[in-house]
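Okay, structure first, notes after.
Each reported figure results from applying straightforward, stated rules to the coordinates on display, with no laboratory input. These numbers come from a predicted model, not from an experiment. Heads up, the Cβs are rebuilt from the backbone with ideal geometry, glycines too, and the neighbour counts pull from every protein chain shown.
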Amino acid sequence: MGHIRVKNVGKAYKRYQHKIGRIAEWCGLGTHHELKWVLHDISFEVNAGDAIGLIGVNGAGKSTLLKIVTGTARPTCGGVEVGGRIAALLELGMGFHPDFTGRQNVYMAAQLHGLNSNEIGARMQDIEDFAEIGDYIDQPVRTYSSGMQVRLAFSVATAVRPEILIVDEALSVGDAYFQHKSFDRIRTFREQGTTLLFVSHDPGAVKTLCNRAILIDQGRVAQEGAPDEVLDYYNAMIARKQTSDLIEQSEQLGGSKITRSGSHRAVIEEVDLLMDGVTTRAVSSHAAVTVRVRGIVHQEVEELTVGILLRDRLGNDIFGTNTFYHDSSSQQPAVGEAFQVEFAFPDLALGLGSYSVTVALHKRDAHVVDSYDWWDRALVFAVTPADRARSFVGVCNLPVSVAWG
């Protein structure tokens, strides 16, 4: 139980040039519409206990796909097989009547999720406590803010652990406190075996909650795989501003993929990690290290910014900087000019584990402006224990003093 199988799903909407065309079709007077396809031949499987992140730009078809999976919309072709009880949080306020109180809406919404009145009554206090909207529970929903609607909707949808939980971007409306609280509940459900289908524009949430990701682009599956690999491809895709830009993915030992993209007007040739001037791929926590980037300018560029990004083994961003932030970007470098930039870390206060370095060449402060070369996971290194005096837990060691009062 708790599985989803989507096979060759396509969705098209009828588009009429004139309003009278719909009436003409009703009267059997020929066809007066054209089909606007928003999903094309979508196929994937979600096994019980999996957590899948759906990503893509606005209008890519993610929400339409979720509606088809939950049964609130029908596919034009193909089919969906769902095994297990679904709890879905799709659109803000879906299933809520604005003139009814929050409590009345809880009973209606919970019945749509398959609970009877006795079950709802037994869980009402838990729902109120999790939503934390106070006396507003007995006020009409039309008086609620968007964040309060999200709180109540999520509390109802997750009052009983579902076999399948489907969450669209509604949680992004909520405040940071409730987002953390919601993600904690989702993680708990995952540990208990709930299958998750999750849409978000937050890369950190996708990497943390999901074990696979699917990129939807123009109604098609553009990429599927590990979250960090798919997000890197998505990142390169949205940065592509010119048709000459390339996106390449190469498979490494162990099956992981590395993304490289950009116009290649300037190219990274070598990335190295140095300690005491010697190449290394293992450093102790708090060691002094240098990341060295070498490259060459192939075509005329107005400005050359070199940037680095450190990520943990899950692909979460740990630290990033670039020459623009340090007022040291190169202005109008000569074609054919080789360059070298060194990022010196006098005290690399990272926790134990494996980290990667992503390197980018671009204009101004971000690669989305004009990307020349983006090299994902250009190198990987390990951080080993330091002396006990500097022991800590987590990904970074922050300065702190401890004193008994």
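Using a 7 Å offset from the Cα along the Cα-to-Cβ direction at both ARG364 and ASP138, what is the distance between the two label points in nm, to one decimal?
5.5
Can you tell me the length gained on complete extension of the stretch GLU302 to PHE392, counting 0.36 nm per residue apart and subtracting the Cα distance?
28.0 nm
What are the aspartates and glutamates whose alpha-carbon lies under 16 Å from the alpha-carbon of LYS14, with same-chain residues fewer than 8 places away excluded?
GLU25, GLU34
Once label points are set 7 Å from the Cα along Cα→Cβ at both ASN211 and ALA334, what is their separation, rounded to one decimal in nm?
Modelled inter-label distance: 5.6 nm.
If you take the beta carbon distance between MET124 and SER145 as r and set R0 to 30 Å, what does 1/(1 + (r/R0)^6) give as a FRET efficiency, to the nearest 0.05?
About 0.90, to the nearest 0.05.
Of GLY351, SER371, GLY61, which is farthest along the charge dipole of the chain in the positive direction, counting Lys and Arg as +1 and Asp and Glu as -1 at C-beta?
Projecting each Cα onto the dipole axis, the largest value belongs to GLY61.
Report relative contact order for the chain in percent, whole number only (criteria: Cα-Cα under 8 Å, sequence separation at least 6).
Relative contact order for the chain comes out at 14 percent.
Can you give the convex hull volume per residue for the Cα atoms of the chain, as a whole number of Å³?
219
Counting GluC sites (Glu not before Pro) as exposed when in a DSSP loop with at most 16 other beta carbons within 10 Å, what is the longest stretch of the chain free of them?
Value returned for the longest uninterrupted segment is 133-299.
Each label point is 7 Å from the Cα along the Cα-to-Cβ direction; what then is the distance between the points at LEU112 and TRP37, in nm?
Placing both labels 7 Å beyond Cα along the Cβ direction yields 3.1 nm.
Computed FRET efficiency, Cβ-Cβ of SER401 and GLU342, R0 56 Å: what is it to the nearest 0.05?
FRET efficiency, SER401 to GLU342: 0.95.
What aspartates and glutamates does LYS7 reach when the alpha-carbon gap must be under 12 Å and sequence neighbours fewer than 8 apart in one chain are set aside?
Within the straight-line limit of under 12 Å, LYS7 reaches these aspartates and glutamates: ASP41, GLU45, GLU81.
Gaussian network model of the chain, Cα springs within a sub-10 Å range: biggest mean-square fluctuation belongs to which of ARG294, ARG151, ARG212?
Result: ARG294 has the largest fluctuation of those listed.
Please turn the phi angles of the stretch 33-48 into ³J(HN,Hα) values with the Karplus equation 6.51 cos²θ - 1.76 cosθ + 1.60 (θ = phi - 60°), one per residue in order, whole Hz, x for glycine and proline.
Running phi through 6.51 cos²θ - 1.76 cosθ + 1.60 with θ = phi - 60° gives 10, 10, 8, 9, 7, 10, 10, 10, 6, 7, 9, 6, 10, 10, 7, 4 Hz.
Can you tell me the FRET efficiency between CYS27 and HIS97 if r is taken as the Cβ-Cβ distance and R0 is 45 Å, rounded to the nearest 0.05?
FRET efficiency, CYS27 to HIS97: 0.80.
If I build a Gaussian network model for the chain, linking alpha-carbon pairs within less than 10 angstrom, which residue out of ILE166, ILE137, ILE86 has the largest mean-square fluctuation?
Among ILE166, ILE137, ILE86, the largest mean-square fluctuation in the Gaussian network model of the chain belongs to ILE137.
For the chain, what is the charge dipole size about the Cα centre, in debye to the nearest 20, if Lys and Arg each add +1 at the Cβ and Asp and Glu each add -1 at the Cβ?
In debye, rounded to 20, the chain gives about 1240.
Which one of TRP26, LEU165, LEU197 has its Cα pushed farthest toward the positive end of the charge dipole of the stretch 3-227, where Lys and Arg give +1 and Asp and Glu give -1 at the Cβ?
Toward the positive end, the furthest listed residue is TRP26.
Cross-link partners among lysines for LYS207, C-alpha distance below 22 Å, same-chain residues fewer than 8 apart left out?
Answer for LYS207, where 22 Å is the Cα cut-off: LYS62, LYS181, LYS257, listed by chain and number.
Given the options SER371, SER284, SER63, state which has the largest fluctuation in a GNM of the chain using a 10 Å cut-off (strictly under) for Cα springs.
Looking only at SER371, SER284, SER63, the biggest GNM fluctuation is shown by SER284.
Would you mind checking the tilt of helix 146-157 against the longest principal axis of the Cα atoms of the chain, expressed as 0 to 90 degrees and rounded to 10?
It works out to around 70 degrees.
Taking the Cβ of ILE127 as the centre, find all other residues whose Cβ is under 11 Å away and add up their charges (Lys, Arg: +1; Asp, Glu: -1).
Residues close to ILE127 contribute a combined charge of -1.
To the nearest 20 Debye, how big is the dipole of the stretch 3-227 about its Cα centre, given +1 on the beta carbon of each Lys and Arg and -1 on that of each Asp and Glu?
760
Which is farthest toward the positive dipole end of the chain among PHE154, THR280, GLY114, measuring Cα position about the Cα centre, with Cβ charges +1 (Lys, Arg) and -1 (Asp, Glu)?
Working it through, the farthest residue towards the positive pole turns out to be GLY114.
I'd like the antiparallel share, as a percent to the nearest 5, of DSSP beta bridges with both residues in the stretch 3-227.
Bridges in the stretch 3-227 that DSSP calls antiparallel: roughly 60 percent.
Helix 102-112: angle to the longest alpha-carbon principal axis of the chain, degrees 0 to 90, nearest 10?
90
Give me the angle, in degrees from 0 to 90, between the Cα long axis of helix 176-191 and the longest principal axis of the Cα atoms of the chain, rounded to the nearest 10.
80
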